[in-house]
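The values are calculated or read from the model by the stated rules, or taken from the named source; none is laboratory data. Note that the coordinates shown come from a computational prediction; the quantities given were computed from them, not determined experimentally. Cβ sites come from the backbone with ideal geometry, for glycine too, and all protein chains shown count toward neighbours.
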């Protein structure tokens, strides 16, 4: 991805980059893609009933991460309350999805990876929120 | 829209409908569309510089409302923490966007309508959160 | 929804409204919501295996309709090739989803409604494409 | 991103990976993020009027790439017509956005990068379409 290059060429950031921000944006897009893949892989398992909660959480988490990544990407006229609100929602979704995926990690490699990616995204959002 | 009919035919809701939920979903999709239109109309104004904050907030609010409407639509294996988290983020975004659009309401009819639609969505999300 | 009011207050449309455009935008948002609901209702059915294709098509159709509705909403500096391209993709998705949902219409009311809403959206996109 | 790992753990792909598919998904998410950043950077420029077309195309291209990336990610019960339709729409959007951004590449580094990322995504979609 080209997150850092795009940030450093933004007219209002004067060449600054921000490692915490870059990592959060990257984690959000990664998590959006991974959760979309995990929901789909769970759906395709021969017994998907025990994975219903996992499918649902992955769909929700994918949607929230995609929006969070997009909002964090925008740097013109940012509203800090809105930024904080969506980061908090993203942290909740990533935590819930990581917990649920973690329950299936020993049976399904896609759930194991997804749990890990969700945890990374949760931490990246918390670090941006604290910054 | 067909929100109520879809809810009442959901296998897990047994014909129940839920007025507060239906109104919230409807308000979210309405607000997603209206904010997309307001960001675009502001961008197309001959002097868009005083509307930068309005464009940015409308883009963010549109994204958050769309995701909130989608998550509220899903009724299988709902995670209440995630639902609450995104409703809270949506309330913050709608409030901020309504305030900013309200500042331009006397000059731009699209901002006047958008402020009103955001207020309606904010209330609908609060009512669902309280339910 | 406030589609017509937002179009008639757009700075570049000078009070014009466009019935075909309004109907298409409305149909896209309706179809995005309905397909999201149908994918979720199918997932929640006690036997969802025969509905796998229906779930997948509804997820894809929901995503494409949401994007098409958003792009059709924007009226500043429209690129006609992009508009046509996404309308064509939307027509394909709505047709495929309507056909698949139609196969389950006698068993599942949500599939019957979804098939109908997809057909309406397919037609509304075709009419805008022809305009 | 974890695209390849998620594909190789998908229950229906039996450990296969598909380089063309992986590259296309990666290019779509990259392009969605980059176009979102370019629209926002253009909006934040002190003279954004000559960039109106660029802002609009970047918003549309971001939306279409995000949806295309999500649909290409799903591997359960894929409908080939829908896949082809959205890939074709994505090619049109990337080409149009690359051309427009290319016009501003010598003045704005964010447009230069965005044009390049759009070209990469256009090619990756064409290669998947041909496969």
Can you name the number of the only condition in (1) more than 23 Å from residue B:8 (Cα to Cα); (2) more than 9 Å from every other protein chain (Cβ to nearest Cβ); (3) touching a residue at least 24 places away in the same chain (Cβ under 8 Å) that residue C:90 fails?
(2)
Per-region count, the range D:68-87, residues within 13 Å of chain A (Cβ to nearest Cβ) and within 10 Å of the chain's Cα centre (by Cα)
2
Subset of the range A:8-24, residues more than 19 Å from the chain's Cα centre (by Cα) and crowded, with 19+ Cβ neighbours inside 10 Å, comes to A:9, A:10
Members of the range D:30-53 that are closer than 18 Å to residue C:86 by Cα, in contact (Cβ under 8 Å) with a residue 40 or more places away in the chain and surrounded by 24 or more Cβ atoms within 10 Å (Cβ to Cβ):
D:31, D:35
Condition first: within 22 Å of residue B:37 (Cα to Cα), modelled with pLDDT of 95 or more and assigned to a helix (DSSP H, G or I). Can you find one or more residues in the range C:106-121 that meet it?
yes
Looking only at the range A:83-98, which residues are buried (at least 24 other Cβ atoms within 10 Å of the Cβ) and under 25 Å from residue D:65 (Cβ atoms)?
A:86, A:89, A:90, A:93, A:94, A:97
Flag for residue A:69 being closer than 24 Å to residue B:57 by Cα, free of Cβ contacts under 8 Å to residues at least 12 places away in the same chain and buried (at least 24 other Cβ atoms within 10 Å of the Cβ):
no
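So that you can scan it fast, the table gives a plain yes or no per residue for (1) part of a loop (DSSP other than H, G, I, E, B); (2) closer than 30 Å to residue B:76 by Cα; (3) within 11 Å of chain D (Cβ to nearest Cβ):
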{"site": "A:7", "(1), (2), (3)": "no, no, yes"}
{"site": "A:17", "(1), (2), (3)": "yes, no, no"}
{"site": "A:37", "(1), (2), (3)": "no, yes, yes"}
{"site": "A:43", "(1), (2), (3)": "no, yes, yes"}
{"site": "A:53", "(1), (2), (3)": "no, yes, no"}
{"site": "A:66", "(1), (2), (3)": "no, yes, yes"}
Residue C:11 fails exactly one of (1) more than 10 Å from chain B (Cβ to nearest Cβ); (2) touching a helix residue (DSSP H, G or I) at 6+ places or on another chain (Cβ under 7 Å); (3) at pLDDT below 95, namely (1)
When you scan the range B:72-82, how many residues do you find that are in a helix (DSSP H, G or I) and surrounded by fewer than 22 Cβ atoms within 10 Å (Cβ to Cβ)?
2
Which of (1) more than 24 Å from residue C:69 (Cβ to Cβ); (2) within 8 Å of chain C (Cβ to nearest Cβ) does residue B:29 not meet, given it meets every other one?
(1)
